[in-house]
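The values are calculated or read from the model by the stated rules, or taken from the named source; none is laboratory data. What you see is a predicted model; the values in this text were computed from it and never measured. Note: ideal-geometry Cβ built from the backbone for every residue, glycine included; neighbour counts use all protein chains shown.
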Amino acid sequence: MRVIADLHIHSRFSRATSEKMNITEITRFARIKGLNLVGTGDFTHPKWLEELKAELIEDSDTSLFKPAKDPSSPVHYMITGEVSTIFSYESVIRKIHHVILTPNIETATQINERLSRYGNLASDGRPQLDMTAPQLVEETMQISKENVVIPAHAWTPWFSLFGAFSGFDSVEDCYQDTTRHIPALETGLSSDPPMNWRLSALDKYVLVSNSDSHSHWPWRIGREANVFELERLTYREIVDAIRQKDPKRFRFTIETDPAYGKYHWTGHRNCKVSLSPEEAIKLGNHCPVCRRRLTKGVEQRVEELADRPAGYRPEDRIGYMHLLPLSEIIATVLNVAYPSVQRVWEIYNALIAKFSAEYTVLIDAPKEEMSKIVEPRIAEAIVRVREEKVKVVPGYDGVYGQLVIFEEQEMVPKKIEKIRQQSLADFM
């Protein structure tokens, strides 16, 4: 069976998260998206864990869960969470986020008992812990060897393994003697497998991709995901496919174009300055407008650590597919600023009614069949995204990238103000 899994999301108990991030809404939109496995997120938060106990039914044969109000739903849940460790290493404060997968409520409760010694778990769905990364892994793995710890969004400038401002230059420096327990890295929105393949030191790790969603809307949840082909959907099958880097079971990841991510290029949001790695280096990584330090983008950070040329592909790697949320594609064609407007929803719902799920539309739906229910230009745009025949103006310093599907496409005035970027040429 095909399993499409988004294992890293957040509940409403995390900061800056929709109040509707509850099991009912997550299940509803996961099904529309085409996800059949979703991480619960935030199991470390006491109130959310109690809610999970009440809202989910455990399937003891699979170590996965179903929504109690809709047990016939195809959507399963895995108990997952994200934590932030803050510690000093070589006289530098390190702030690293980690995703934790655990097989059941019992092990989640035991993890919480351990981690509560290092911080207030009730303060946020993604708690800040006064402990090192190796301590986190050691405490987690002592509880159960079935637990998994994965560096979250490994390249974002802040709060990540390779973060430009508080991260490390290697997995081993971060996790030290617990590195052997780290099976995977999460790419994050601003990087993709080809960027990670440029570091030979990462060949031993499988690359996973998740949305880190703070909203149930389908342009957030499942915007990145993992695709498995399994004889039986269980916690152990998923974890084993990841640990074994098994391409027969772990088929590919769904990635947004990394340029779409908020930290792909180096830049300065306040000054609307966006720079390629080469341009940023020429300016000494200082903003040409205000002269302050630029927010170093993921592409530049990869360039600093890479020991392989761009385009290198190791053998026997898990595949990937670049996609973008259907709502974003429709909004771009309609030339409207936001994917939540009614016109977008009408077209979106028509496609879902015909093809049952967003991923089916994005990956499998024939252009001719789509053109029967939506205007051909929208069908063409979906296929262009599928075939990677589109362009993306790179995101930078917290600003999402902008999708350009047709060369003659005009940007919406609101987006011009938000995304208008100045390059090095503007200052020469």
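Just checking, does segment 51-69 include any residue being within 30 Å of GLU172 (Cβ to Cβ) and of a type in the set (Phe, Trp, Tyr)? Within segment 51-69 (the criterion being within 30 Å of GLU172 (Cβ to Cβ) and of a type in the set (Phe, Trp, Tyr)), the answer is no, since none of the residues qualifies.
For segment 191-208, the set of residues classified as farther than 11 Å from ILE150 by Cβ, in contact with a strand residue (DSSP E or B) (Cβ under 9 Å, 6 or more places away or on another chain) and not aromatic (Phe, Trp, Tyr) consists of SER191, ASP192, PRO193, PRO194, ASN196, LEU202, listed by residue number. Restricting LEU129, LEU161 to those that are at pLDDT 95 or above, surrounded by 20 or more Cβ atoms within 10 Å (Cβ to Cβ) and in contact with a Cys (Cβ under 7 Å, 6 or more places away or on another chain) reduces the list to LEU161. Applying the condition of being in contact with a strand residue (DSSP E or B) (Cβ under 7 Å, 6 or more places away or on another chain) and either basic (Lys, Arg) or closer than 14 Å to THR44 by Cα (or both) to segment 68-91 and asking which residue is surrounded by the fewest Cβ atoms within 10 Å (Cβ to Cβ) yields SER84. Among the residues making up segment 289-305, those that are in contact (Cβ under 8 Å) with a residue 24 or more places away in the chain and either surrounded by 18 or more Cβ atoms within 10 Å (Cβ to Cβ) or outside any loop (DSSP other than H, G, I, E, B) (or both) are LEU294, THR295, LYS296, GLY297, VAL298, GLU299, GLN300, ARG301, VAL302, GLU303, LEU305. Taken over segment 10-52, the residue count meeting the criterion of being of a type in the set (Gly, Ala, Ser) and in a helix (DSSP H, G or I) is 1. In summary, PHE65 fulfils each of the numbered conditions (1) crowded, with 18+ Cβ neighbours inside 10 Å; (2) under 24 Å from the mean Cα position of the chain (by Cα); (3) more than 19 Å from ILE9 (Cβ to Cβ) with the single exception of condition (3). The residue that is nearest to ASN112 (Cα to Cα), counting only those in segment 130-174 that are in contact with a Leu (Cβ under 6 Å, 6 or more places away or on another chain) and of a type in the set (A, V, I, L, M), is VAL148. Of the helices (runs of 4 or more DSSP H) lying entirely inside segment 144-254, those containing at least 1 residues that are β-branched (Val, Ile, Thr) span 171-175, 235-243.
When restricted to residues that are over 20 Å from LYS66 (Cβ atoms) and in contact with a helix residue (DSSP H, G or I) (Cβ under 9 Å, 6 or more places away or on another chain), segment 230-246 contains 1. If the condition is being under 30 Å from ALA353 (Cβ atoms) and without any contact (Cβ under 8 Å) to a residue 24 or more places away in the chain, then segment 30-58 contributes only ILE57.
Condition first: loosely packed, with under 15 Cβ neighbours inside 10 Å, within 20 Å of ALA30 (Cα to Cα) and not basic (Lys, Arg). Can you find one or more residues in segment 363-379 that meet it? Checking segment 363-379: at least one residue is loosely packed, with under 15 Cβ neighbours inside 10 Å, within 20 Å of ALA30 (Cα to Cα) and not basic (Lys, Arg). Can you name the condition, by its number, that TYR175 falls short on among (1) over 16 Å from LYS204 (Cβ atoms); (2) crowded, with 21+ Cβ neighbours inside 10 Å; (3) among the aromatic types (Phe, Trp, Tyr)? Checking TYR175 against (1) over 16 Å from LYS204 (Cβ atoms); (2) crowded, with 21+ Cβ neighbours inside 10 Å; (3) among the aromatic types (Phe, Trp, Tyr), the one that fails is (1). Scanning segment 68-88 turns up no residue that is in a helix (DSSP H, G or I) and among the hydrophobic types (A, V, I, L, M, F, W, C). Suppose we keep only residues that are more than 21 Å from ILE363 (Cα to Cα) and acidic (Asp, Glu) within segment 387-410. Which one would you say is modelled with the lowest pLDDT? Checked segment 387-410; the qualifying residue modelled with the lowest pLDDT is GLU410. Write out, first by first residue and then by second, each pair whose Cβ atoms fall under 8 Å of each other, whose residues are 6+ apart or on separate chains, and whose first residue, in segment 17-29, is farther than 19 Å from GLU50 by Cα while the second is among the β-branched types (Val, Ile, Thr) and modelled with pLDDT of 95 or more. Qualifying pairs under 8 Å: PHE29/ILE221.
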